[in-house]
Each structure stands twice: as C-alpha cells, then as structure tokens.
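Notes for the one structure printed next.
The values are calculated or read from the model by the stated rules, or taken from the named source; none is laboratory data. All values reported here derive from a predicted model rather than from experimental measurement. Cβ sites come from the backbone with ideal geometry, for glycine too, and all protein chains shown count toward neighbours. When the accessible area is computed, the model is the full protein with side chains, heavy atoms only, and any ligands, DNA or RNA have been set aside. Shrake-Rupley method; radii C 1.70, N 1.55, O 1.52, S 1.80 Å.
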Amino acid sequence: MSWFKREGGEYESGPGGNGAPDAGERKVRTEGLWTKCLGCRQTIWKADLEANLNVCPKCQHHFKIDARQRIALLLEPGYELVDTGLRSTDPLNFTDVKPYKKRLRAAQESTGLDDAILNAEGQLGHHNVVVSMGAVVGETIARAADRARIGRKPLIVVAASGGARMMEGVVSLMQMAKISTALGQLADAKVPYISVLTDPTTGGVTASFAMLGDLNIAEPGALIGFAGPRVIEQTIRQKLPEGFQRSEFLLEKGFLDSVVHRRELKPYLIRALGFLKV
C-alpha cells in the first residue's frame, strides 16, 4: 500500500493505539468557519458574512453586531470614544440565581466594556456627530445628549436592548425620565436627534429615547416593542398578526419613519443630516 501515505503527522498515535488519535484530541479543521443563518437556515461561510457587513448574502437577514463594529461601520477613521469609565452599581444588593454584582463583573470581563454602551464623537461623512451605541445606560446617554447640545452636533443613538435593568429597581426606571429630559433640551436647542433601532429594541428603551427621535429608523427584521409578543398574546388572549413587532410591520402602521438596510445606513444618515441640520 505504498500509494497511501499520511503526511505531516496528521494522525498521531494516541492512548487508543493503532495510530488512532485520542477522541479528546480530534479537531475539525473547519470548526468555527461556518455559521447558520437564523433567517433562511442556510449555512454561510463566515468570511462571506463578514464581507457583507454581517448580513446574510442569501436572504438578507441582519445578524447582530457589537457597538465597536457599529461605530467603525458608521464613523470615519479618527473618531474618539468619550464618556468612558462609567459603570453600573448594585444599589439594591440584588440577588436572584446569582448576585447582581457577579453578573455585572462577568459581563464586563466578557465584553471588555465598562458597561453596555459606547459613546463616540467623530465624523459621519462631512457631519460632526455624537454617536451612542448599545443598551440603556441612562447617565451615558444623557451625557451624549448634553455633549451634542453644547457642541451643537447631531446626536445618533443606535439602540439594542431588552430594556431597563430591573435589578436596579427605581434607579434604573428613573433613567428613562433623565434621558427624555436631556433629549427635550436637545430639541429645544434645535439640534437633530436620529434614533436607529436594531434587533432587539424593547422595554423601557422603546418607551423612552428610542422613539423620541426627529427621525426613527430601523434595520430590517428588528424586533421592536414594549412587551414581547408572547406576553401580549397571553394578556389579550389573541393570536398576533404575522410579523407583529418587526420593523416592516411597524413601518406600515406608522410607528417608524423608515426601514434601512445596513449597507445603506451610512449614506442614508448622511443624507438625512443634510436635511435636518440647522
């Protein structure tokens, strides 16, 4: 059998003998290179997905992306991260399955962020803007609104959140009032505010700053609402319409101004700011 030759020691003898590798040492060379689309259920080469801005090239399903990717997607190189170093606390010493302090610490370690948001100042096309990305963190978003008002720079908030943190009780709920007040002052100063809703935008985020924009736009297929569909169905005891609380349904009902594909988002925002800026 001289025509059959294993090269490079691809399979080495393990404890099992007979040249077979140990089961714990076997590796699939393509592991981590593919992903399955949640929209069309097709398998996608990850490199193709990333090259297409994390949008499925087959069905256009928009995958979630993190705040750093979003900032790099929208702003020109040379932007500055601001309002860093702010962290949530545990005012109630809350514990359910595990202490809230441990949840916060684990989230900070896994993301490398102080909290679930990033603020940045930079250029979007030729417009100087303040951009806030992530979940609801009241003080940080309020600071972004103040920074935009004082500098007379348009504010863009990209929301992706399940809502206020109930583990922080009324302290968390009061952030809705704080942010709404800051946005009211921004409106009085006639500085534009654009809200971009991504999947998901729910709870107190939708009930406050996410729907207070001069322009409210969303990515395709994003889940947007206050309570989730299952909770609503159980409350009203009725079956909800197809696509309920998705971007396209809400646009049809007048809840949104536009639904914009991710690859069109940056030029759309640049054009919108040209109309909105005073």
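Assorted remarks:
- Prolate/oblate/rounded call for region 178-278, Cα gyration tensor, a/c under 1.5 rounded: oblate
- Aspartates and glutamates whose Cα lies under 18 Å from that of Lys277, excluding same-chain neighbours fewer than 8 positions away: Glu121, Asp146, Asp188, Asp214, Asp257
- Protection proxy ranking of 120-127, 156-163, by the mean of other Cβ atoms within 10 Å over each peptide's residues and highest first, is 156-163, 120-127.
- Percent antiparallel among DSSP beta bridges (both partners in the chain, rounded to 5): 50 percent
- Note: relative contact order over the chain, using C-alpha pairs below 8 Å and six or more positions apart, is 12 percent.
- Between the exposed loop cleavage positions of the chain, defined as chymotrypsin sites (Phe, Trp or Tyr not before Pro) in a non-H, G, I, E, B DSSP state with at most 10 neighbouring beta-carbon atoms within 10 angstrom, the longest gap is 5-278.
- Qualifying aspartates and glutamates (Cα of each under 14 Å from Cα of Lys58; at least 8 residues distant if same chain): Asp48, Glu50
- For the residues Arg103, Arg263, Arg87, a GNM of the chain with alpha-carbon springs under 10 Å puts the largest fluctuation on Arg103.
- Rounded to 5, percent antiparallel among DSSP beta bridges of region 149-278: 5 percent
- Rounded to the nearest 20, the size of the Cβ-charge dipole of region 91-213 about its Cα centre is 140 debye, with Lys and Arg at +1 and Asp and Glu at -1.
- Within the accessible area of the chain, the carbon and sulfur atoms contribute 53%, probe 1.4 Å, all protein chains present.
- Straight Cα distances below 20 angstrom link Lys64 to the lysines Lys36, Lys46, Lys266, with same-chain residues fewer than 8 positions distant left out.
- About its Cα centre, the dipole of region 78-126 is roughly 380 debye, where the only charges are +1 on Lys and Arg Cβ and -1 on Asp and Glu Cβ.
- Helix 100-111 vs. the chain, principal-axis angle (Cα, 0 to 90°, nearest 10): 70 degrees
- Between Met176, Met167, Met133, the Gaussian network model of the chain with springs among Cα atoms under 10 angstrom shows the greatest mean-square fluctuation at Met167.
- Quotient of Cα Rg and 2.2 N^0.38 Å for the chain, N being how many residues it contains: 1.24
- Only Cα sites of region 58-197 enter the Debye sum here, all with the same form factor; the resulting log10 I(q)/I(0) across q = 0.18 1/Å is -1.06, listed in q order.
- Report note on the peptides 233-239, 213-219: ranked by the mean count of other C-beta atoms within 10 Å, highest first, their order is 213-219, 233-239.
- FRET efficiency estimate (nearest 0.05) - Cβ-Cβ, Ile236 to Thr35, R0 35 angstrom: 0.45
- The residue among Gly125, Phe209, Val137 whose Cα reaches farthest toward the positive pole of the charge dipole of the chain, with charges on the beta-carbon of Lys, Arg, Asp and Glu, is Phe209.
- Most mobile of Val131, Val191, Val97 in a GNM of the chain (Cα contacts under 10 Å): Val97
- Tilt relative to the chain, helix 262-276 - C-alpha long axis, 0 to 90 degrees, to 10: 10 degrees
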